[in-house]
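Trainee: One structure, as structure tokens, below. Some questions next.
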2 protein chains.
Amino acid sequence: MQALELNKGLNYRQDKPIPEVSADEALIRLKLAGICATDLELVKGYAQFTGTIGHEFVGVVEAVSQETHRHWLNKRVVGSINIGCGICDVCRRDGPEHCLNRRVLGIRGHDGAFADYVSLPVGNLYLVPEDVPDEMAVFTEPLAAAIRVFKQLEHWPVKPVAVIGPGRLGLLIAKVLALAGYDVEVLGRSAMSLALPKQWQLKTALVQDVSANYYDYVVDASGQAGGFSQALRMTKPGGTVVLKSTFSASEPVDLTKVVVGELNIVGSRCGPFDEALAVLRQGNIPLETMVDGRYSLRDGLAALQHAAQPGVRKILLQP
Amino acid sequence: MQALELNKGLNYRQDKPIPEVSADEALIRLKLAGICATDLELVKGYAQFTGTIGHEFVGVVEAVSQETHRHWLNKRVVGSINIGCGICDVCRRDGPEHCLNRRVLGIRGHDGAFADYVSLPVGNLYLVPEDVPDEMAVFTEPLAAAIRVFKQLEHWPVKPVAVIGPGRLGLLIAKVLALAGYDVEVLGRSAMSLALPKQWQLKTALVQDVSANYYDYVVDASGQAGGFSQALRMTKPGGTVVLKSTFSASEPVDLTKVVVGELNIVGSRCGPFDEALAVLRQGNIPLETMVDGRYSLRDGLAALQHAAQPGVRKILLQP
């Protein structure tokens, strides 16, 4: 089968064997996949992953190993990305997200979705409602990650929230929080980067125009150490910064403000697929306007190069 | 009067004018002061402060401006260090700690305590109980800062807690948490640094011997970026790191674990003086064993050099 495989650089293969499906797994034929910033980081060496990359996808179940899973056959599905060991305390208490021995689809120990076929445990699968087209369903994973921020903020009173980074993920976070009733401002470094947030009816501002100590809640989805430093700067003492994006350690960050201002820094990663699908059914996020390109797997290397260009948001891949 | 004044380097002066006391202030004659890591950082340029340094002290009120404050005269006092504007929302709601226009004793906009006399608003003063000697009372400010960590953790269930950094502040934090019933482990980089924690009946371990993802709660009082990186490493996913020490931005810290492990980072600064004095009255912290030297103000420069030596804990200053 075709696959975009990371192994001393990213390669397009035509001859990768179709994944073998273990007892609890399903084999899924790819319909559509999305390129995420993490994929770009993996290519640069993040997490030292080797194998097929890709973790945002929608596909159709073509095979299962067990009779009890036959009801999944021919179903259109998306899949959550963490595959826990299933037997540790973490898995039993809180699920697979933070299992220390977890595999992660296309990121750690498990081949990903930028291929004709991908395997996942059936426990990771979510049925895609018929009224959610592939072009929406492919956003389930990043939308779930955006909803995670809402989950982490929801026990606090609704106050103005800033989202730094009007990119792939920041835009989704801002829209989710706005739909939930938050007074959201999207912050970017250029007027051009704020055009789409404006089109989405979100309030915007240039990050460099925001005063110090201005917001109680700031979400950093900038993907850069510079964004995090800005987040610290503009957060009020006693305020909260949700750190959504990973960035390399090469740029130093001054954490003095965290101590002196007694800030809370909250890490945020994966979110609930069921709620993401429910939001997609409502159809009130114009996700199609985020798509900047659509490529076949055989043009996958060009697709990733396109996705890495500044200002580019979602690039989709199809078989 | 004598003063240790920071102004293009630290200087010992004999001719500094005694502070003028404004309407709400008291003039306090120094009895004993303590050198803190922040004082050493100020000398290196932290916070760009100029003026008399020093914020840990015990003294006697010698003058007040208003008749209504006369009951403070001749009283032995300690003083909290934040002087808010008193009129902003922050001051009115939460007190002066995070007032954006605050002055801070010996740190920001207000001359400090390494001098024959220091001034403070009477609202910052706390009467020292007669049964608490000067040598204990001088620890009120750092002990309050240690109690602040307890305050930030107390709404969580009691679980094993690690305190990285067996120094001036780490040791107090560990002892406060241990007295409060926490299962505390003090982590240091050398056996020598752990001798005093052991003498204080605290559990100890070498920081480099602790497994990754071991603790739910870690307090970083190491004063170094390396300590914070260790704190991130040894905290379980979903766990909490209390960041107690400031360090310069020159060493980069990889915050990937914060995001992927969804850690909480909680900044921690000043604490409650009344509770610190109550703990001091109980007399069950052997603070005298933390004192590594006692100097006169005229030998203040040597005292600060002594305090900056590795492994040295509290150095005291007297007129």
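The values are calculated or read from the model by the stated rules, or taken from the named source; none is laboratory data. Please read all numbers here as calculations on a predicted model, not as lab measurements. Heads up, the Cβs are rebuilt from the backbone with ideal geometry, glycines too, and the neighbour counts pull from every protein chain shown. What goes into the accessible areas is simple: the full protein's heavy atoms, side chains included, and nothing from ligands, DNA or RNA. Shrake-Rupley method; radii C 1.70, N 1.55, O 1.52, S 1.80 Å.
Trainee: Could you grab me the full set of residues in region A:194-239 that are touching an Asp or Glu at 6+ places or on another chain (Cβ under 6 Å) and open to solvent by less than 20 Å² (accessible area, probe 1.4 Å)?
Mentor: Hits for region A:194-239 are A:Ala225, A:Gly227, A:Phe228, A:Ala231, A:Gly239.
Trainee: Kindly establish whether B:Ala303 is touching a residue at least 24 places away in the same chain (Cβ under 8 Å) and either within 14 Å of chain A (Cβ to nearest Cβ) or within 17 Å of the chain's Cα centre (by Cα) (or both). I'd like the intermediate steps shown before the answer.
Mentor: Details: touching a residue at least 24 places away in the same chain (Cβ under 8 Å): yes; either within 14 Å of chain A (Cβ to nearest Cβ) or within 17 Å of the chain's Cα centre (by Cα) (or both): no.
In short, no.
Trainee: If you don't mind, there's one more thing I want to ask. Looking at A:Ser296, is it farther than 30 Å from B:Glu41 by Cα, within 11 Å of chain B (Cβ to nearest Cβ) and either open to solvent by less than 20 Å² (accessible area, probe 1.4 Å) or more than 18 Å from the chain's Cα centre (by Cα) (or both)?
Mentor: Details: farther than 30 Å from B:Glu41 by Cα: yes; within 11 Å of chain B (Cβ to nearest Cβ): no; either open to solvent by less than 20 Å² (accessible area, probe 1.4 Å) or more than 18 Å from the chain's Cα centre (by Cα) (or both): yes.
Considered against the rule, which asks whether it is farther than 30 Å from B:Glu41 by Cα, within 11 Å of chain B (Cβ to nearest Cβ) and either open to solvent by less than 20 Å² (accessible area, probe 1.4 Å) or more than 18 Å from the chain's Cα centre (by Cα) (or both), A:Ser296 comes out as no.
Trainee: Can I ask one more? Starting from residues that are more than 7 Å from chain B (Cβ to nearest Cβ) and among the hydrophobic types (A, V, I, L, M, F, W, C), keep the ones in region A:229-270 and report whichever is farthest from the chain's Cα centre (by Cα).
Mentor: A:Met234
Trainee: Select, from A:Arg108, A:Arg148, A:Arg168, the only residue that is within 26 Å of A:Val43 (Cβ to Cβ), at pLDDT below 95 and open to solvent by 10 Å² or more (accessible area, probe 1.4 Å).
Mentor: Values: A:Arg108 fails: at pLDDT below 95; A:Arg148 fails: at pLDDT below 95.
Among A:Arg108, A:Arg148, A:Arg168, only A:Arg168 is within 26 Å of A:Val43 (Cβ to Cβ), at pLDDT below 95 and open to solvent by 10 Å² or more (accessible area, probe 1.4 Å).
Trainee: Oh, and also: Looking at the structure I just gave you, is A:Asp254 open to solvent by 40 Å² or more (accessible area, probe 1.4 Å) and either farther than 18 Å from B:Leu232 by Cβ or touching a residue at least 24 places away in the same chain (Cβ under 8 Å) (or both)? Walk me through it before giving the result.
Mentor: Values: open to solvent by 40 Å² or more (accessible area, probe 1.4 Å): yes; either farther than 18 Å from B:Leu232 by Cβ or touching a residue at least 24 places away in the same chain (Cβ under 8 Å) (or both): yes.
Against the criterion (open to solvent by 40 Å² or more (accessible area, probe 1.4 Å) and either farther than 18 Å from B:Leu232 by Cβ or touching a residue at least 24 places away in the same chain (Cβ under 8 Å) (or both)), A:Asp254 qualifies.
Trainee: Just wondering, is there one or more residues in region A:240-250 that are part of a helix (DSSP H, G or I), modelled with pLDDT under 95 and buried (at least 20 other Cβ atoms within 10 Å of the Cβ)? Spell out the reasoning first.
Mentor: Initially, region A:240-250 is screened for residues part of a helix (DSSP H, G or I), giving none.
No.
Trainee: Let me ask something additional. Scan region B:11-34 residue by residue and report those that are of a type in the set (Lys, Arg) and touching a residue at least 24 places away in the same chain (Cβ under 8 Å). Can you show your working first?
Mentor: In the first step, residues of region B:11-34 are kept if they are of a type in the set (Lys, Arg); the result is B:13, B:16, B:29, B:31.
Correct list: B:Lys16, B:Arg29, B:Lys31.
Trainee: Can you tell me which residue within region B:16-37, out of those that are assigned to a loop (DSSP other than H, G, I, E, B) and under 24 Å from the mean Cα position of the chain (by Cα), is modelled with the lowest pLDDT?
Mentor: Initial filter on region B:16-37 (assigned to a loop (DSSP other than H, G, I, E, B)): B:16-24, B:35-36.
From what is left, the residues that are under 24 Å from the mean Cα position of the chain (by Cα) are B:19, B:35-36.
Numbers: B:Pro19: 97, B:Ile35: 98, B:Cys36: 94.
Among residues in region B:16-37 that are assigned to a loop (DSSP other than H, G, I, E, B) and under 24 Å from the mean Cα position of the chain (by Cα), the one modelled with the lowest pLDDT is B:Cys36.
Trainee: If you go through region A:121-141 one residue at a time, do you hit one that is assigned to a strand (DSSP E or B) and open to solvent by less than 60 Å² (accessible area, probe 1.4 Å)?
Mentor: First pass over region A:121-141, keeping only residues assigned to a strand (DSSP E or B): A:121, A:125-127.
Remaining after also requiring open to solvent by less than 60 Å² (accessible area, probe 1.4 Å): A:121, A:125.
Yes, the conditions are met somewhere in region A:121-141.
Trainee: Next question, about the same structure. Being assigned to a strand (DSSP E or B) and either more than 10 Å from chain B (Cβ to nearest Cβ) or out of contact with any helix residue (DSSP H, G or I) (no Cβ under 6 Å at 6 or more places or on another chain) (or both): is that true of A:Thr289 here? Spell out how you get there, then give the answer.
Mentor: Details: assigned to a strand (DSSP E or B): no; either more than 10 Å from chain B (Cβ to nearest Cβ) or out of contact with any helix residue (DSSP H, G or I) (no Cβ under 6 Å at 6 or more places or on another chain) (or both): yes.
For A:Thr289, the condition - assigned to a strand (DSSP E or B) and either more than 10 Å from chain B (Cβ to nearest Cβ) or out of contact with any helix residue (DSSP H, G or I) (no Cβ under 6 Å at 6 or more places or on another chain) (or both) - is not met.
Trainee: Checking B:Lys44 against (1) modelled with pLDDT of 95 or more; (2) charged (D, E, K, R); (3) under 30 Å from B:Lys8 (Cβ atoms): exactly one of these is not met. Which one?
Mentor: (1)
Trainee: Further question on the same structure: Quick check on A:Val253: is it part of a strand (DSSP E or B) and in the same structural domain as A:Val186 (by TED's automatic domain parsing)?
Mentor: Numbers: part of a strand (DSSP E or B): no; in the same structural domain as A:Val186 (by TED's automatic domain parsing): yes.
No.
Trainee: For region A:68-99, name all the residues that are part of a helix (DSSP H, G or I), of a type outside the set (D, E, K, R) and open to solvent by 60 Å² or more (accessible area, probe 1.4 Å). Working first, answer last.
Mentor: Within region A:68-99, the first condition is being part of a helix (DSSP H, G or I), and the residues that meet it are A:68-72, A:89-94, A:96-98.
From what is left, the residues that are of a type outside the set (D, E, K, R) are A:68-69, A:71-72, A:90-91, A:96, A:98.
A:Thr68, A:His71, listed by residue number.
Trainee: Still on this structure: Being open to solvent by less than 30 Å² (accessible area, probe 1.4 Å) and in a loop (DSSP other than H, G, I, E, B): is that true of B:Gly271 here?
Mentor: Details: open to solvent by less than 30 Å² (accessible area, probe 1.4 Å): yes; in a loop (DSSP other than H, G, I, E, B): yes.
Yes: the conditions hold for B:Gly271.
Trainee: Still on this structure, please answer the following. Quick check on A:Arg102: is it over 30 Å from A:Ala302 (Cα atoms) and buried (at least 18 other Cβ atoms within 10 Å of the Cβ)? Reasoning before the result, please.
Mentor: Values: over 30 Å from A:Ala302 (Cα atoms): yes; buried (at least 18 other Cβ atoms within 10 Å of the Cβ): yes.
In short, yes.
Trainee: So, in region B:197-216, of the ones that are hydroxyl-bearing (Ser, Thr, Tyr) and within 13 Å of another protein chain (Cβ to nearest Cβ), which residue ends up nearest to A:Asp89 (Cα to Cα)?
Mentor: Here is the first cut: in region B:197-216, the ones hydroxyl-bearing (Ser, Thr, Tyr) are B:204, B:211, B:214-215.
This time we only want the ones that are within 13 Å of another protein chain (Cβ to nearest Cβ), so: B:211, B:214.
Numbers: B:Ser211: 17, B:Tyr214: 13 Å.
Among those that are hydroxyl-bearing (Ser, Thr, Tyr) and within 13 Å of another protein chain (Cβ to nearest Cβ), it is B:Tyr214.
Trainee: Here is a follow-up. Can you say whether B:Gly86 is in the same structural domain as B:Val64 (by TED's automatic domain parsing) and touching a helix residue (DSSP H, G or I) at 6+ places or on another chain (Cβ under 6 Å), as far as the supplied structure shows? Reasoning before the result, please.
Mentor: On the way: in the same structural domain as B:Val64 (by TED's automatic domain parsing): yes; touching a helix residue (DSSP H, G or I) at 6+ places or on another chain (Cβ under 6 Å): no.
So B:Gly86 fails the test.
Trainee: If you go through region B:58-72 one residue at a time, how many are of a type outside the set (S, T, N, Q) and farther than 21 Å from B:Asp111 by Cβ?
Mentor: Initially, region B:58-72 is screened for residues of a type outside the set (S, T, N, Q), giving B:58-64, B:67, B:69-72.
Right, trim to farther than 21 Å from B:Asp111 by Cβ and you get B:67, B:70-71.
Matching residues across region B:58-72 total 3.
Trainee: Name the residues in region A:19-37 that are of a type in the set (Val, Ile, Thr) and surrounded by fewer than 23 Cβ atoms within 10 Å (Cβ to Cβ), would you? Walk me through how you get there before you give the answer.
Mentor: To start, the set of residues in region A:19-37 that are of a type in the set (Val, Ile, Thr) comprises A:21, A:28, A:35.
Result: A:Val21, single match.
Trainee: Also, I was wondering about something else. Only one of these conditions is not met by B:Val219: (1) within 14 Å of another protein chain (Cβ to nearest Cβ); (2) in a loop (DSSP other than H, G, I, E, B). Which number is it?
Mentor: The single condition B:Val219 does not satisfy is (2).
Trainee: Within region B:38-65, which residues are open to solvent by less than 30 Å² (accessible area, probe 1.4 Å) and part of a loop (DSSP other than H, G, I, E, B)?
Mentor: B:Phe49, B:Ile53, B:Gly54, B:His55 - these are the residues of region B:38-65 that are open to solvent by less than 30 Å² (accessible area, probe 1.4 Å) and part of a loop (DSSP other than H, G, I, E, B).
Trainee: Which residue pairs have Cβ atoms closer than 6 Å, lie 6 or more positions apart in sequence or on different chains, and pair a first residue in region A:35-47 that is outside the structural domain of A:Gln224 (by TED's automatic domain parsing) with a second residue that is part of a helix (DSSP H, G or I)?
Mentor: From region A:35-47, the pairs are A:Ile35/A:Ala307.
Trainee: Test B:Thr246 against the criterion of being in contact (Cβ under 8 Å) with a residue 40 or more places away in the chain and not acidic (Asp, Glu), and give yes or no. Working first, answer last.
Mentor: Details: in contact (Cβ under 8 Å) with a residue 40 or more places away in the chain: yes; not acidic (Asp, Glu): yes.
So B:Thr246 passes the test.
Trainee: Next question, about the same structure. Check off (1) closer than 23 Å to B:Ser190 by Cβ; (2) within 14 Å of chain A (Cβ to nearest Cβ) for B:Gln309 and give me the number that stays unchecked.
Mentor: Failing condition for B:Gln309: (2).
Trainee: Let me ask another. State whether the residues of region A:76-89 include one that is within 13 Å of chain B (Cβ to nearest Cβ) and more than 22 Å from A:Asp274 (Cα to Cα).
Mentor: Taking region A:76-89 as the starting set, the residues that turn out to be within 13 Å of chain B (Cβ to nearest Cβ) are A:81-82, A:84, A:88-89.
This time we only want the ones that are more than 22 Å from A:Asp274 (Cα to Cα), so: A:88-89.
Yes: one or more hits.
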